[in-house]
Structure formats: structure tokens, C-alpha cells
Amino acid sequence: MDALTLNRRQALSLVAAAATLPISFRAQAQSTTSQSPASLLRAAITGYTVINTFDPAKVTQLPESYVVWAVFNALVKFNEKMEIVPDLAESYSFIDPTTLEFKLRKGVKFHDGSDLTSDDVKFSLERVLDEKTASPNRAKLSSIKTIETPDAHTVRIITQAPFAPLLTYLANTRTGTQIVPRKAVEALGSKFDLNPVGTGAYVLKEWKTGSGVKLEAFPDYFDGAPKIQTVTMPLIGEESSGLTALQGGQIDLTSTAPFASIPNLVKDPKIKVYKQTGLNVRYIGLNGRKAPFDDPHFRRALAMAFDRQAMVRSVVFGEGSPATGLLPPAIAKPGQPVPPSLTFNPAAAKAELAKSKYPADTEIKLLIWGPTWWRKIGEFFVIQVNQVLGTKIQIEAGESNAVFGRLRSGDYQAAVWGWLGFIDADEYLGDLLGKDGSRNFHGYNNPAFEALLEKGRSEVDPAVRRDVYREAELMMLEDMPLIPCFNSNVHNLSVPGLKGFTQLPYSNYGDQFAKLQLG
Amino acid sequence: MAFALLRHVVTRSAGVMMLALMGAAVVFFAMRAAPGDPALTALGEGASTETIAAFRARWNLDEPLIVQFGLWVANALRGDFGQSLSIASGTDVYALFANRLPNTLFIGVYAIILAVLISLVAGTAAALNRGGIIDTVATSIAAAGISMPDFWIGYVLIYAFALGLGWFPAYGFISPLESPTGALLSGFLPSLAIAAPMAASFTRILRSALIDNAHRDHVRVALSLGHGKTFIFLHHILRNALIPFVTVIGLQVRYLLGGTVVIERIFGINGVGSLMIDAAFGRDYPIVQACALTFLLIVLLVNIVVDLICTMLNPRMR
């Protein structure tokens, strides 16, 4: 018993020690947080946790692209006005409608010290086209007939027919056309997945599964060595945790932000908010092969029976723009009026429903999935449409992987869905609604629409192309094979001292690291 | 006596093995019954039918389910839990666990220790001051603690102690293998978040068990024999009250594991719980299987340990 009892002095010293514990913790916490010298950038990947590969040809997940954009370059890239400008290419031109010629920059080095040549370009693109690579972007390049390399710094890409979107697909985005070195890829085989070798401003130094990525500056980068030596990219699954990490001083930059927090954060002087309407579209996908959505009247009725502005307010806290078509504002023809079919109009919606061969109470299940705001899109839609039209739409909740599987197999009536990161108008209109579109889960097949898609693909003048796509868009909105809802904002958050970050509407990230400064 | 104990251990181990196998089978077939496809995560939505077929063939996903399960059991018995399909393609599940299990175990044990310490103090204090201010405060806090979900407590703790006072990092966890003190510091808030609801229920159990035992006949007898109060408390009251207390701790371990799943996400702990979420969403079957089996074994092991402790506390239970 005596061994267990403390005398007063011992007890007091114990209490004193306990009291100092939080203080020593505090000192430790501060020593880790205040230590963010300008040579280290902590650019978190928020909202995602999965990285399978850093091989551009095989990339499917957004966080993979974030890293690929820093480690690799493509022939061309987008500038801050979303115009295509040379990157690894010095210049490019259409020699004739089916021949696109690139002159490569001289003196560009890969991370392994080898020189970039036209052969690497040919190899990189043919690799995406090769069935064995199993690139998800193979179809994007399928218009390519041959690739010629007249000399070490000239590449000619010859397409079967004039194909305007090709230039977009060759940019440093999510189309897998970043340039890889033939020698290293052939030597590494499948090890290239996690040991990427590029020309980019940063070299991948470390990848801890599920935890994060570490990049080091590439001193021989052709555009000048980056200012920040080391970039760590922790994977933070919860967006809200990304925000607390930023507020707590554990990171400097996030790749996304929770919608609900934005209205408050823009007023917070301790956080810099970057935002704009993103290149994405959120919609209600309809299955045109199943009742009642095989009837265009029914589809149009639903499209006019809900208030998109209110949806944006309640679903994403105002962080988005009501859809004015299928194309997001960044690539749509500017200054167009909102078509009546996308305007909330209960009377017109009811009139449209009256023309349908199906009664209002036809059984409909809308698939919803995902966390919070994705789910709320469906809930908002169902509540308002049912109220306005007297329909009996019901919600069926699943999760994204399962719902996507049902979309693909056509086993659904209606589903909340959306895409982000598509940059070319043909990806929206063609992929989603073209008769051979890889994401046409709607059974849409309209010959007149196909003709416009064809016209858009062969038109190289951007202004004319834009007009063609507007016409196609208006045609599809007449048929309403899917119901566009809104384009959500893209966000980045950073500490106030970060300078040089340019946010592009497709949620770019790693391509900016070389220009950043922390002061 | 020793033989009886040995027989006890052997039967229990056989039971654990059977339960583990059954549990693994349930998880296996439930996961396969859920719609979705790991190929979609691994290969992207643009993958061609042939590519998907090749993927399925490579990972034996085209075999009949019972064959797949047989393969899994056969490999698992050899200690081979396969490779990740879709969230860390090609990485050995074993390697993923080697990195992450220590983190989860550390947080779990840390949380239990915190919960036990808090409840021992609060429960005893409340019982000794029955009806007094300390009792009212402790029981009110306990009632509140039970009603609050751990992820909410997690955010409250972050706002108060990380963002407000700056005592702890708001995000991130340093593995105990890298730095034990770093782990104690960065693991404190997440462990406390998991510990709080547990501590609340432990406190209530301990308090009522202490009060209950204090009025037993043998305590009165001991008092009449003139034993000291401290002696009586330690030997006749606390000792008996510890049996329900320890049993409840054992029962709470499964909630503890559920708690780590959420808390690991919020605090960015690279553990098995967050791995399991990612794996489940990505339909990464081998990882889900391994996680489920791990959790199952932990629960079963803890139950055995609890039984042993209770037997030690009360020889009559042998």
C-alpha cells in the first residue's frame, strides 16, 4: 500500500508535470507548422485517395493527373485564357487539313538526362494507340493514320480525315498524350507505372501508397529550374480535412474545397480562394431506350420543371452556374440566351407532359449516389419535379461505382451523373451523345446531330467550330436525351503567401508548381 | 487445472478459426454480390470490353465465385493475401498492411488507454460522491459523450485544440515507427475522439457497478470486521466492479474499430480503416477481404483476452 501512496511533494510535482505537457506539445506542434521555408510547397490532393499509376497513357484518376502534369509535358498546353499554346513544341501548323506538323524545342531533356526527339513523340502517341497499353484515351487518338518524323525535331501527325479536336487532345490535360522517353519506357516495362520519367519541372521522388507523393525540382527543366525545390502532395480523402489542414498550417495549397465552406472562406483574410465556373457538367442522365424516357415530351417536361438557380443555391451553396446548354461556359459560345427548354417554366412543363403518351404517375426510379451534394442534386430534382408535375419519381441510392456500372449496361431509367475535365466540345457532345460516343448511355441517335458533330470535327477554325457546336447543342436540347443541371465551380485554397498560381477551369494543378513562390 | 486451461485455449482457438472463416466467407460473398467492378476504377470508364475481360482474367474474377473463394482461402492460409486490384494496383496487400496496421493499432490502443484512464477516474469519483456535484457533472458529461458521434467530437477537438489553441496538428499523423513522440502528439486528438464516447459508457458502467457493489452484504461484513475503507474499496468493491467494466471494454472494441474507420479519414491517419473505405469503394476485393479478416480477428482476440481477465478477477468463472 505504501508503495502506491504519494507524499504531497511527489503528488504536486506530478500535477506540475501534467500541466506542462500541453505546453510542450504546443511547442512541438508549432515547430512543425511554422517550418515552411520557401523551398518546400505542400500541395495537398484533397477529396481523393486513389493513385494506381503515373504513366500518362494509363492514368484514369484525377489525382494521378495532378502528378503527371508536374512530371511530364505534352506538345502543347493551355494558357490562362484557355488558348492552346506550344509547350514541348516550338510551333505547330496544319500543313493541310489532315496533316498537323510540330517543330520541337531543342535542348529539352528527360529526367534521365536523355534528349527529347521526334521519335519519343511518335512512340508516346503510338503507345496510347496500342491496344496492349490499354489506355483509356485510345479512342481519342484513333483518327491518327500515321506519324512521320522527317528529322529529330519535326513530327507530322496525319489523320484519316480532318479532325479538329486532335489539337486539344495533344495538350497537357487528361488525354494521356504527355511525351514519354522511348528508351526508359522500354527498359522499365510495367515498372514505369510508378517510376515515371518525363521532361517536366518536377521529378517524382517518392510515392507512399494512400499517403502521398514527393516531388523534387528538375534542374535541367527546359523552361528554367523551378523556384520551389520540393513539393509534397499528401492525399487527403476528406475535403473538409484538407481545409482544416490548411487552416492548421500543415499544407499550403489544396486541389479542391468543400462547397459549403466557400461563402465563409472568401471573407477570411487568412485563406486565398481561387474559383471560377469549371469545365464540368452535372446532369440527369435519361435512358431513351426505356419508358417513359423514350418519349421526348416526357423528357422535355422534366427539364422545364425545376429551377436550376435554386438547385445551385441549395446543392452547392451557390458555387456554380445554372446550365445554359450541355457545354460549360468556358468553352461555349459566349453571350447566348438560355434556351426555353432549360428555363424553369411550370406551365410549359405541364403542357409538355400532357402531350406525352405516358401518364404523370408512371413509375420512375432516379439513381443517386455519392456523398452530400451529388446526392442532393437528385433529391432536389425529385422533390421539385414531383411537386410541379405530379410525377411519382422515386430515389434509389447506390454508390458511384455501382451506379456507373448500371449506366454502362443500360440498366436504369434516370441517374444523376456528371463529368469533369473534358475540354473539347466534342468530348461533351460527341462522347456523351454521339451514336458511337463512348459515354452515350442514353441511347441517343439523331442523324442530323451526327452530321453536325462530323462538321465540328472537321472544322479547324475555332470560331466556326463554336457556331457548329452551338447548333448541335440547341438540337440536342430540343430532344433532351439528358437534362443538364449546372456547372459547378472549381476551387483551390491556399495560404495568402502563395504567389503565381493560375487556376484553369479544368482543375489543373501540377502544371503550375514550377511558377509558384511562397513568400 | 493446467490441462483444463490448455483445453480451454485450444477449443477457443478452433472456435476463432471457424468464426474467422465464416466471417471471411460472408464478407467475400457480400462484396461480390454488391454491384460495381474493380476494373472501372483501375482502368477508367473509357476501357474497352477486351481490356476489361483481360483484367478480369488476370485476377481470376471470371472464375465461379466458389472457386475464387477457394483460391482466396488457400492463398490466405499460406499467408498470401494477394495484390491490390484497383486502389494501389499491383501492390501486395501484405505490404499495405505492414505500413498501415501499426498506425491503426496504435490509435486503437491509445484510445482504449485514454478511455480507461478517464473512466477509472471519473467513474470512481462519481461513485464516491454519489449524488454530489462531481457525480452530477461526471454523469452529465458521460450522457453527453454517449450521445455525440465520434466524427463530430473529432471536428470539435480540431477546432478547439488544433485551430484554436494550436496545441496539436490539425491534420496528419506521424507513424509510431517513425517517431513515438510524434505519434503520441499527432495521435492524441484522433484517439481522444474515439475514446470520448467509450469513456462515457465505461464511466457509467463503472459508477453503477461500484455503487451496486458498495451495498453488498460482504462489504457490510467487511466493515463490521473493522477493515479500512481503502482496503474495502480496493478489494471488495473495485475488484468486483471491474468485471462488468472489463466486459464492456471488450464489447466496445468493435465500435472502436468502426470509429477508427471514420476518424482515420478525418485526421488523415494512414491506417487500415481508411484503407478499407477506399478499397470498398474501389471494389478492391483482396484488400477488403484482408481488412475484414483483420478486424474480425482483433474482435475475437479481444474477446478471449477479456474472458481471461474476467476469469483472473473472479476465479469462480473458471
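Restricting the search to helices (runs of 4 or more DSSP H) fully inside segment B:46-136 and requiring at least 2 residues that are within 24 Å of A:Lys132 (Cβ to Cβ) gives B:49-58.
Within segment A:406-427, being surrounded by fewer than 24 Cβ atoms within 10 Å (Cβ to Cβ), of a type in the set (Gly, Ala, Ser) and part of a strand (DSSP E or B) holds for one residue alone: A:Gly418.
In segment A:464-519, which residue that is aromatic (Phe, Trp, Tyr) and assigned to a loop (DSSP other than H, G, I, E, B) is nearest to A:Asp426 (Cα to Cα)? The extreme case among them is A:Tyr506. Looking only at residues of segment A:242-260 that are touching a strand residue (DSSP E or B) at 6+ places or on another chain (Cβ under 8 Å) and assigned to a helix (DSSP H, G or I), we find that the one that is farthest from B:Leu165 (Cα to Cα) is A:Phe259. Of the residues examined, B:Ile174 is one that is more than 18 Å from the chain's Cα centre (by Cα), surrounded by fewer than 21 Cβ atoms within 10 Å (Cβ to Cβ), hydrophobic (A, V, I, L, M, F, W, C) and closer than 25 Å to B:Arg254 by Cα. Exactly one residue out of B:Ala74, B:Ala126, B:Ala57 is away from chain A (no Cβ under 14 Å), surrounded by fewer than 13 Cβ atoms within 10 Å (Cβ to Cβ) and more than 24 Å from B:Phe188 (Cβ to Cβ), and it is B:Ala74. Taken over segment A:363-394, the criterion of being buried (at least 17 other Cβ atoms within 10 Å of the Cβ) and among the β-branched types (Val, Ile, Thr) is satisfied by A:Ile364, A:Ile368, A:Ile377, A:Val382, A:Val385, A:Val388, A:Thr391, A:Ile393. When the residues of segment B:141-163 are filtered to those that are of a type outside the set (A, V, I, L, M, F, W, C) and more than 10 Å from every other protein chain (Cβ to nearest Cβ), the one that is nearest to A:Ile251 (Cα to Cα) is B:Asp150.
Among helices (runs of 4 or more DSSP H) entirely within segment B:155-228, having at least 3 residues that are at pLDDT 85 or above and in the same structural domain as B:Ala143 (by the TED database) singles out B:180-186, B:188-214. Residues in segment A:457-494 that are within 22 Å of the chain's Cα centre (by Cα) and more than 22 Å from A:Ala161 (Cβ to Cβ): 14 in all.
Scan segment A:189-205 residue by residue and report those that are more than 24 Å from the chain's Cα centre (by Cα) and within 14 Å of chain B (Cβ to nearest Cβ).
A:Gly189, A:Ser190, A:Lys191
Just one of the listed residues (B:Gly36, B:Gly15) is more than 7 Å from chain A (Cβ to nearest Cβ) and either surrounded by 13 or more Cβ atoms within 10 Å (Cβ to Cβ) or part of a helix (DSSP H, G or I) (or both), and it is B:Gly15.
Could you check segment B:185-197 and list, in sequence order, the residues that are more than 9 Å from chain A (Cβ to nearest Cβ) and of a type outside the set (Gly, Ala, Ser)? Please lay out each step first, then the result.
Going through segment B:185-197, the residues more than 9 Å from chain A (Cβ to nearest Cβ) turn out to be B:187, B:189-197.
Residues satisfying the conditions are B:Leu189, B:Pro190, B:Leu192, B:Ile194, B:Pro197.
Within 14 Å of chain B (Cβ to nearest Cβ) and not in a helix (DSSP H, G or I), is that true of A:Lys227? So A:Lys227 does not fit the description; no.
Could you grab me the full set of residues in segment A:131-172 that are assigned to a helix (DSSP H, G or I) and more than 11 Å from chain B (Cβ to nearest Cβ)? Write out each step before concluding.
Narrowing segment A:131-172 to residues assigned to a helix (DSSP H, G or I): A:131-133, A:138-141, A:166-169.
Matches in segment A:131-172: A:Leu141, A:Leu166, A:Leu167, A:Thr168, A:Tyr169.
Do the conditions hold for A:Val382, that is, is it β-branched (Val, Ile, Thr), in a helix (DSSP H, G or I) and more than 14 Å from A:Phe306 (Cα to Cα)? Write out each step before concluding.
Values: β-branched (Val, Ile, Thr): yes; in a helix (DSSP H, G or I): yes; more than 14 Å from A:Phe306 (Cα to Cα): no.
It is false that A:Val382 is β-branched (Val, Ile, Thr), in a helix (DSSP H, G or I) and more than 14 Å from A:Phe306 (Cα to Cα).
Evaluate segment B:81-100: report whether one residue or more is crowded, with 24+ Cβ neighbours inside 10 Å, modelled with pLDDT under 85 and away from chain A (no Cβ under 14 Å). Within segment B:81-100 (the criterion being crowded, with 24+ Cβ neighbours inside 10 Å, modelled with pLDDT under 85 and away from chain A (no Cβ under 14 Å)), the answer is no, since none of the residues qualifies. Looking only at residues of segment A:349-379 that are in a strand (DSSP E or B) and touching a residue at least 40 places away in the same chain (Cβ under 8 Å), we find that the one that is farthest from the chain's Cα centre (by Cα) is A:Ile364.
Within the option set A:Gln160, A:Gln229, A:Gln178, A:Gln247, being more than 30 Å from B:Arg265 (Cα to Cα) and surrounded by fewer than 24 Cβ atoms within 10 Å (Cβ to Cβ) holds for one residue only, A:Gln160.
Does B:Arg7 meet the test of being farther than 23 Å from A:Gly405 by Cα and surrounded by fewer than 17 Cβ atoms within 10 Å (Cβ to Cβ)? Step through it out loud before you land on a result.
Numbers: farther than 23 Å from A:Gly405 by Cα: yes; surrounded by fewer than 17 Cβ atoms within 10 Å (Cβ to Cβ): yes.
Judged against the criteria, B:Arg7 is a match.
Given A:Val128, A:Val121, which one is closer than 22 Å to A:Val185 by Cβ, under 26 Å from the mean Cα position of the chain (by Cα), touching a residue at least 40 places away in the same chain (Cβ under 8 Å) and within 14 Å of chain B (Cβ to nearest Cβ)?
On the way: A:Val121 fails: within 14 Å of chain B (Cβ to nearest Cβ).
Unique residue meeting the criteria: A:Val128.
Among all residues of segment A:251-274, there is at least one that is at pLDDT 95 or above and among the aromatic types (Phe, Trp, Tyr). Quick check, is A:Glu216 in contact with a strand residue (DSSP E or B) (Cβ under 9 Å, 6 or more places away or on another chain) and within 14 Å of another protein chain (Cβ to nearest Cβ)? It is false that A:Glu216 is in contact with a strand residue (DSSP E or B) (Cβ under 9 Å, 6 or more places away or on another chain) and within 14 Å of another protein chain (Cβ to nearest Cβ). Counting the residues of segment A:230-241 that are assigned to a strand (DSSP E or B) and either of a type in the set (Lys, Arg) or within 14 Å of chain B (Cβ to nearest Cβ) (or both) gives 5. Restricting attention to segment B:243-285, and to residues there that are over 23 Å from A:Thr244 (Cβ atoms) and among the polar types (S, T, N, Q), which single residue is surrounded by the fewest Cβ atoms within 10 Å (Cβ to Cβ)? That would be B:Thr247. Return yes when B:Met22 is surrounded by fewer than 17 Cβ atoms within 10 Å (Cβ to Cβ) and among the aliphatic types (A, V, I, L, M) and no when it is not. Here the answer is yes, as B:Met22 does meet what is asked.
The values are calculated or read from the model by the stated rules, or taken from the named source; none is laboratory data. None of these values were measured; they are calculated from a predicted model. Virtual Cβ from ideal backbone geometry, glycine too; neighbours counted across all protein chains shown.
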